[in-house]
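> Have a look at the structure that comes next, please.
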Amino acid sequence: MYISETSIRVRYSETDQMGYVYYGNYSAYYEVGRAEAMRQLGMTYRQMEEKGVMMPIASLHVKYIRPAYYDDLLTVRTIVKEFPKSRMHFFYEVYNEKEKLINQGETVLAFVDMKTGRPCSAPQWFVEALREKWPATKG
């Protein structure tokens, strides 16, 4: 299992009239967590695209548990539980400053060859970068 954590401060513009983080912003928080998790693996979406692979979202699931508020410092935990094949599952846990779980989510991204527009297998270099960070495969 690969786990990455990223902190995000809630901006005023991300809240609704009730003072809660607007529900649609959680998918953006997931994207930040996912991009930072990939950066910690030593790659970016831009680099993947330069190598001819894009990763569009195939599905999104969100579970709201508690609200977040303006100026909260959130921790987005991004979790990869299995090595990708042609799709990659990312799981998310969002915690507030009191370390209370406030939100959970999952996205599934597909690997797509940019030249053909067709699904493809996860690139071997991507899987190897993930394998290097996977605790069970070290040593």
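> Mind checking which residues of the stretch 6-20 are part of a strand (DSSP E or B) and either closer than 13 Å to Gly105 by Cβ or basic (Lys, Arg) (or both)? If you could, list the steps in order and put the result at the bottom.
Applying the first criterion (part of a strand (DSSP E or B)) to the stretch 6-20 yields 6-9, 15, 20.
Of everything in the stretch 6-20, just one residue is part of a strand (DSSP E or B) and either closer than 13 Å to Gly105 by Cβ or basic (Lys, Arg) (or both), namely Arg9.
> What tally of residues in the stretch 111-132 results from selecting those that are in a loop (DSSP other than H, G, I, E, B) and on the phi < 0 side of the Ramachandran plot?
Initially, the stretch 111-132 is screened for residues in a loop (DSSP other than H, G, I, E, B), giving 111, 114-118, 120-123.
Subset that is on the phi < 0 side of the Ramachandran plot: 111, 114-116, 118, 120-123.
Selection size over the stretch 111-132: 9.
> Go through the residues of the stretch 113-124 one by one and say whether even a single one is more than 23 Å from Tyr29 (Cα to Cα) and of a type in the set (A, V, I, L, M).
yes
> For the stretch 5-36, what are the residues that are crowded, with 18+ Cβ neighbours inside 10 Å and at pLDDT below 95?
None; the set is empty.
> Could you say which residue among Lys81, Lys85, Lys100 is over 19 Å from Glu5 (Cα atoms) and not aromatic (Phe, Trp, Tyr)?
Values: Lys81 fails: over 19 Å from Glu5 (Cα atoms); Lys100 fails: over 19 Å from Glu5 (Cα atoms).
Only one candidate qualifies: Lys85.
> Being out of contact with any Lys or Arg (no Cβ under 7 Å at 6 or more places or on another chain), within 17 Å of Ala122 (Cβ to Cβ) and of a type outside the set (D, E, K, R) is the filter here; which residues of the stretch 36-49 pass it? Break it down into steps so the answer makes sense when it comes.
Within the stretch 36-49, the subset out of contact with any Lys or Arg (no Cβ under 7 Å at 6 or more places or on another chain) is 36-40, 42-49.
Right, trim to within 17 Å of Ala122 (Cβ to Cβ) and you get 37-38, 42-45, 47-49.
Matches in the stretch 36-49: Ala37, Met38, Gly42, Met43, Thr44, Tyr45, Gln47, Met48.
> Of all residues in the stretch 73-100, which are surrounded by fewer than 19 Cβ atoms within 10 Å (Cβ to Cβ), on the phi < 0 side of the Ramachandran plot and not in a strand (DSSP E or B)?
Lys81, Glu82, Phe83, Lys85, Ser86, Asn96, Glu97, Lys98, Lys100
> Give the residues of the stretch 26-72 that are among the β-branched types (Val, Ile, Thr), in a strand (DSSP E or B) and touching a helix residue (DSSP H, G or I) at 6+ places or on another chain (Cβ under 7 Å), sorted by residue number.
Within the stretch 26-72, the subset among the β-branched types (Val, Ile, Thr) is 32, 44, 53, 57, 62, 65.
Add one more test, that the residue is in a strand (DSSP E or B), and what stays is 53, 57, 62.
Selection gives Val62 alone.
> To continue, here is another question. Filter the stretch 92-122 for residues that are aromatic (Phe, Trp, Tyr) and closer than 16 Å to Tyr69 by Cα and give the result.
So the first thing to find is which residues in the stretch 92-122 are aromatic (Phe, Trp, Tyr), and the list is 92, 95, 111.
Within the stretch 92-122, just Tyr95 meets the criteria.
> Now, a different point. Can you tell me which residue among Val62, Val94 is among the hydrophobic types (A, V, I, L, M, F, W, C) and touching a residue at least 60 places away in the same chain (Cβ under 8 Å)? If you could, list the steps in order and put the result at the bottom.
On the way: Val62 fails: touching a residue at least 60 places away in the same chain (Cβ under 8 Å).
Within the list Val62, Val94, the selection yields Val94.
> When you go through Ser86, Ser59 one by one, which is the residue that is of a type in the set (Ser, Thr, Tyr) and within 14 Å of the chain's Cα centre (by Cα)?
Working: Ser86 fails: within 14 Å of the chain's Cα centre (by Cα).
Result: Ser59 is the single residue among Ser86, Ser59 that is of a type in the set (Ser, Thr, Tyr) and within 14 Å of the chain's Cα centre (by Cα).
> Same structure, new question: Go through the stretch 108-121 and count every residue that is out of contact with any Ser or Thr (no Cβ under 7 Å at 6 or more places or on another chain) and surrounded by 13 or more Cβ atoms within 10 Å (Cβ to Cβ). Don't jump to the end; show me each part of the working.
Residues of the stretch 108-121 out of contact with any Ser or Thr (no Cβ under 7 Å at 6 or more places or on another chain): 109, 112-118.
In the following step, the residues that additionally are surrounded by 13 or more Cβ atoms within 10 Å (Cβ to Cβ) were identified as 109, 112-114.
So the answer is 4.
> Output the residues belonging to the stretch 7-41 that are hydrophobic (A, V, I, L, M, F, W, C) and either under 30 Å from Arg131 (Cα atoms) or touching a Phe, Trp or Tyr at 6+ places or on another chain (Cβ under 6 Å) (or both). So that I can check it myself, show each step before the final result.
Our first condition is that a residue be hydrophobic (A, V, I, L, M, F, W, C); within the stretch 7-41, this holds for 8, 10, 18, 21, 28, 32, 35, 37-38, 41.
Listed by number, the residues that qualify are Ile8, Val10, Ala28, Val32, Ala35, Ala37, Met38, Leu41.
> Now for a different question. Can you find, within the stretch 37-72, the residue that is surrounded by the fewest Cβ atoms within 10 Å (Cβ to Cβ) among those that are touching a strand residue (DSSP E or B) at 6+ places or on another chain (Cβ under 9 Å) and among the polar types (S, T, N, Q)?
Applying the filter and picking the extreme gives Ser59.
The values are calculated or read from the model by the stated rules, or taken from the named source; none is laboratory data. Since we're looking at a predicted model, the values are computed, not measured. Every residue, glycine as well, gets a Cβ built from its backbone with ideal geometry; the counts of neighbours run over all protein chains shown.
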